[in-house]
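Have a look at the structure below, then the notes.
Where a number appears in this text, it was derived from the coordinates with a stated rule and is not lab data. Computed from a predicted structure; not experimentally measured. Cβ placement follows ideal geometry from the backbone for every residue including glycine, while neighbour counts extend to all protein chains displayed.
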Amino acid sequence: MPMTAKRKKTALIFFPAFDWAISPTHPEREERLLYTQDQICEEGILDFDHITEYKPGIATLEDIDRAHICVPDAASVVTQSHLISAGGCITAADQVLTGRADNAFALVRPPGHHAMRVVHGARGFCNVNIEAVMIEYCRKKYGVRKIAVVDTDCHHGDGTQDIYWHDPNVLCISVHQDGRTLYPGTGFADEFGGPNALGATINIPLPPRTSDEGFLYVLDHLILPVLDEFKPELIINSAGQDNHYSDPITDMRFSAQGYAILNEKLAPHIAVLEGGYSIEDALPYVNVGIILAMAGIDYSCVKEPDFDPSALKQSADISRYIEKLVASIKNQWEKRDVMKEKLIGSAKHAVRKKSIYYDTDGIREEQEETVRICRDCGGLVTIDSATDTGNRIFAVVIPALCCPACRREGEEIYQKTAKGKYRSIYLQDKDKAVLFVK
Amino acid sequence: MILGIDVGGTHTDAVLMEEGRVRKKAKVLTDADRLLTSLSSAAAMVLDGEDPQKLRRVVLSTTLSTNAIVQGKVDKVGMILASGPGLSPADFRLEGAVHFVSGYVNHRGIEVAPIDREEIGRIARSFEREGIEHAGAVGKFSTRNPKQELAVKEIMGPRLKHVSLGHRMSGNLNFPRRAATACLNASVWGTYKRFAEDVQVFIREQGITAPVYILKADGGTFNIADSADFPVQTILSGPAASIMGVMSMVSGREDAVVLDMGGTTTDIAVLAGGVPLLEPLGVVIGGYKTLIRGMLTRSVGLGGDSAVKTTDDGLVIGPRREGVAAAFGGPCPTPTDAMIILGLTDIGDRRKALNAIGAVSQKLNLSVEDTAKRIFEQMCAEIAAHVRQMIDEVNRRPVYTIHEMLEDARLAPRMLYLVGGPAKPVSQCLGGLLGCPVCVPDHAEAANAVGAALARTTSEITLLADTERKTLFIPERGMQKSIPATCSMQEVVETGRELLRQAAVGMGADPEDLEMEVVEAQEFNMIKQFYTTGKNMRVKIQVKPGLISLCRKER
Ligand SMILES: [Zn+2]
Ligand SMILES: [Zn+2]
C-alpha cells in the first residue's frame, strides 16, 4: 500500500457475545472472536485517533419486522443475541450516515446472511439477516435509495438474495465457493434476480482452491465495473472470512493480505462480519487486515505466521476457469435488459416455488412466491408458506419505493384474504416500513 | 503516627497524621531542580519536636518521574522490539534507538519465529558504541510468553546498566503501549534510582526506622525498594493522592464525582461505589499512551485564575492562566474576581476586582454585578458539562457479553466532593447544576498529602491458564507453572488470590488491607475438529485502591 493512503475515520462495533453459542462444540460458539479481540488489543488499534469503538445498540422487534416475516412472530424466533448483533449493524450504519465516521465495521455475532425473508427458525447458524435489518433501517431513517451488498463469505448469501430477489434498488453480489461443493448448494450464475429486478442479483461461484489472485481478478473485472454502473449510495460488505486457506469447513485459499486488498479496493461504507471459523489461525489476522485497510493504515505487514503465497498459488486451470466465468457473467450483466424483456413477455405474474430446509432447527418449509410484473417498481409479492411442523402463513409484501398500482392491489389482497387455513396473514409494507398481522 | 508528603509541581505538602486525624501540616514551594530539598524542608516542619520512632509509616508521592518525562530530561534508551506480523513498524512512534528484530510469539503464547541471538548481540554492541546504558525489550504477546524478552535481557544485560522488560510492566495486551511503557521506564530508571537512594539516606538521617512507601498512579503504594525497578509506576501520583485524600475525609460508598479545583485547571475524577475508577488500559503522559494502571481523571482548563476575555463568540474563560487574579494584582479579570464581587469569598482587594470586571461589563453592556454573575455561572456550567460528558463516556464503554449488555450497569453520581482553593464558593452552584449534594471536606487543601499518608498497597495479577498446554502463566511476575488438564476456574482464581496476597505483602501491604476483587474471569473451550481439547481461562485479580485499615481503626 502506498504511504499516501488517506486515513479514514472508522467506526468499530465489536460485540463478541462471549456468553452465547449454538451448542458447546458448534463452530458458532463463545470464543469465536476471542483471539480476534486479543489481536486487535495487542496491535493497539483502538489507540489510533481515527478509529473509534462504539457500543452496539439493541435492535427492536420493529427493526426485525421491517426485514422479515417471522412465524409466529419476531419475539419467538429471535434471542437477545440476535437483537444485539443486528443492533450492532444499525449502530455501524448510524455512524456512517450521520457523518461521524467515513466507514464502519460491525464485528458482531451471531451472523445472518442465510436468514431468508420468511423465518420459521434458524438455518446456516442464522435466525435474522442482520444486513437486511440494517438496510431497511437505513431506508426508513435516512431515506437511502440505492444499496449494494457484496457478500464475500465462502457460502452463498442465499438469505440476502431471497429478501432482495425482486428489489431493483438493492444489488446483491455474492462471491462464494461453488454450490456443487458446499452448503447451501445454491448461488449459480443463472440466479440473476426476479423478473422485475433482473441483474440486481449476481452470483459468482468460484471453484475450490481459488486463491488471492482469483478473488482479486473477480473484484477488478466484474464486481467493481458493475458497481460503477449501478452507482449505489451505500456499499455493504458481508465480510465472511471462511474463504481463508485455514478454514476448517470450506476449501478456499484466500489470505489476510487478500482480504485487506479486497477491502481497500471495494471501499465499503459498512462491513459486517459473517462466517469464518478458523478462529485461531485466520480471524485474528483477517480482521486486523480489514480494519487497517478500512482506516487507511498500512496493512502490508499483516500476515498469518504460516503464510506462504507460493504454496497457496492457484492452478492455471483455475485461473482460466475464473476468466471464462467472469466474462460470461459480465456478458449476462450487459444483456440484462434484453433478457428481462424476453423473460417477462406478456406475463402478468411470475411464480417461484421453493423448498427450504432449516438445518440448524430441522424444519422443512414449502413456499410459493408470486410477484406482480411491474415496470414502475419492484412489484407486489405474495407468499404462501407451510412447514412440516404444521405452520402455514400467507404474506403480502408491498415493495420499497412501490407504485400506486402495486400498493392498491396489495392492500386489497390483504383485506380480502380470509384466515381460514392460515395461522396468520401478514402485510409487510416495506415502503412505509410497517408490518400488519391478522 | 504517619508522615505523608506530596511533592507536587508547584507546592510540596506534608502532613503528620495521628489517629486518623491531621495533627500538623506544612506547605512549601517546590524547587523543581532540588526535589529532595523541598521534601526535606516540608518534612522537617511537621517533624519538628516529634519523636521519629513513633512513626509507623512514611509515604511519598513525587512528581520526579512525571517531570522528567514531560520535560524530556531522560536517559537515551535503546529499544529492541520483536513486533512480528501486524502493524507496520513505520506506525510506531518511539524516541531513541529503536530496533525491530526477528522473533514472534502468537496470541496463545506459542513461539512461532525464534529470535536471532547474533542480531541481538550486534545491537548490544552498537548500544555500547553509542553510549546507551538503558534499554527496553518488548515482544508482541510477551504477556503470553516472555521467553524472547528474557533471552534478549540475558544477551544484552552484561553490556548495559538496565533492561526494562515489557511483560513486567503490565499483564494487559497492547504492544505499542507496552513498548512505550518499557521505554519510559528505562528512560527514568537512572534518575529515579538516585532519588530513591537519596530519600532513603535522608529518612535514616532523621532517625526514622518506619517503612517508606511510594505512591503510584492508581492511588496505591509500594515499597521504595520495589519502586526502584518500576519508576514509571510513580507518574501522575499527584492527582491520585488528592482523590485518596478525599476518600479518607468522607465516608460515602456511593457513586460520586471528585473535583479538584485549582488556579489553572480543574481535575475531575469519578468514584463508583466509593472506589475510584481506573483508566481502562493505562494513563497517558507526555503524549505517550501507556499501560500504567492509573486513575481515570480529566483535566479541564478552568480554574479560579483562568483568564476571562470577550470575543465575537461572547465570554471566553480559560484555558490559559495569565497570572493571579486581578484582586491580587494580576493582569486580567478572572473567575476569582467575579466570586469576590458576588460576595462568595472575601479574599483579595475588592476594588481591584471591581475594576477588572468593570472593563468586561462595558463590552457586554451589562452591570458589573450581572457580569460577575455571568462569568461565575458560565464557568460552573462549563465544568458541569465536562463532568456530564465524562460520566457519559464511562457509561458508553463497550461490553462484550449479552449478560453485561442487558444488565447495563450505569454510573449515576449521588455526591459531589470538592477540594482546592475555589471549592467553597462554587459548591452551591455546581451542586445545583449536577443535581447532587456537595461536600467540601475539612483540610481539603492538604488532601494530597493526607491521601498519600493513608493509601494502601495495591497490586494486580493476571493469570492465563491453558489446560490443553497444561500451563499457567502470570505475566507481571514472569512466572510459569504447570497445571493438570483438569484444572478448574475456581482453582485458577484460588491460586491467583494466594499469589496476589503474597505479592502484596511482599510489597509492604498490611494483610488486613487486602481487599481483593476478581476484575475479570473468562473461560473458553478450545476445540479442534469439533472436540473439546482444553480450556483457555483468563483471570485478573486486583487489590482495590483504598485506605489502610490502620486509619479506619484509629478513627
Ligand atoms: Zn460462511
Ligand atoms: Zn409496481
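Brief remarks follow.
- 222 nm mean residue ellipticity, helices alone, for chain B (DSSP H n ≥ 4; -39,500 (n - 2.57); rounded to 500): -11000 deg cm²/dmol
- As a length-normalised measure over Cα pairs under 8 Å and 6 or more apart, the relative contact order of region B:75-118 settles at 36 percent.
- Taking each DSSP H run with n ≥ 4 as -39500 (n - 2.57) and averaging over every residue of chain A yields -9500 deg cm²/dmol at 222 nm.
- Of B:ILE243, B:GLY420, B:ASN525, farthest towards positive along the dipole that unit charges on Lys, Arg, Asp, Glu beta carbons give the protein assembly as shown: B:GLY420
- Spin-label model, B:VAL284/A:ALA418: points 7 Å from Cα along the beta carbon direction are separated by 7.0 nm.
- Partner shielding of A:19-26 amounts to 3, given as the average count of beta-carbon atoms from other chains within 10 Å of each residue beta-carbon.
- Using the average count of surrounding beta-carbon atoms within 10 Å as a protection proxy, the listed peptides A:296-302, A:354-360 rank, highest first, as A:296-302, A:354-360.
- Cα gyration tensor shape for region A:21-116, rounded if a/c is under 1.5, else prolate or oblate: oblate
- Inter-centroid distance (Cα atoms) of region B:177-249 relative to region B:445-514, Å: 20
- Gyration tensor verdict on region A:10-336 (Cα atoms; rounded if a/c is under 1.5, prolate if a/b is larger than b/c, oblate otherwise): rounded
- Where the alpha-carbon atoms of region B:251-442 are placed on the principal axes, they occupy 60, 35, 32 Å, in descending order.
- Using the average count of surrounding beta-carbon atoms within 10 Å as a protection proxy, the listed peptides A:11-18, A:153-160 rank, highest first, as A:153-160, A:11-18.
- Part-to-part distance (alpha-carbon centres) for region A:300-358 and region A:130-175, which is given in Å: 17
- With the highest mean first, a sort of the peptides B:496-502, A:277-283, B:516-522 on other beta-carbon atoms found within 10 angstrom per residue produces A:277-283, B:496-502, B:516-522.
- In terms of its alpha-carbon gyration tensor, the protein assembly as shown comes out prolate; a/c meets the 1.5 threshold, and the first ratio a/b outweighs b/c.
- Too-long pairs where the Cα-Cα distance tops 27 Å, listed order kept, from A:LYS146/A:LYS416; B:LYS161/B:LYS481; B:LYS373/B:LYS424; B:LYS54/B:LYS540: A:LYS146/A:LYS416; B:LYS161/B:LYS481; B:LYS54/B:LYS540
- Shielding by other protein chains, B:11-24, mean Cβ within 10 Å: 0
- Counting charges near A:TYR164 (Lys, Arg +1; Asp, Glu -1) among other residues having Cβ under 10 Å from its Cβ returns a value of -2.
- Trypsin sites (Lys or Arg not before Pro) restricted to region A:125-171 and DSSP loop, no more than 16 other C-beta within 10 Å: A:ARG145, A:LYS146
- Bridge orientation summary for chain A: considering DSSP beta bridges with both residues in this region, about 40 percent are antiparallel.
- Percent RCO, i.e. relative contact order, over chain B, from Cα pairs under 8 Å lying at least 6 residues apart: 14
- Counting other Cβ atoms within 10 Å as a rough exposure proxy, the listed residues A:HIS221, B:HIS167 run A:HIS221, B:HIS167 from fewest neighbours to most.
- Once the Cα atoms are used to define both axes, helix B:35-47 deviates from the longest principal axis of chain B by about 60 degrees.
- Percentage relative contact order, chain A, counting C-alpha pairs under 8 Å, at least six apart: 15
- For residues of A:6-18, the mean tally of beta carbons on other chains within 10 Å: 2
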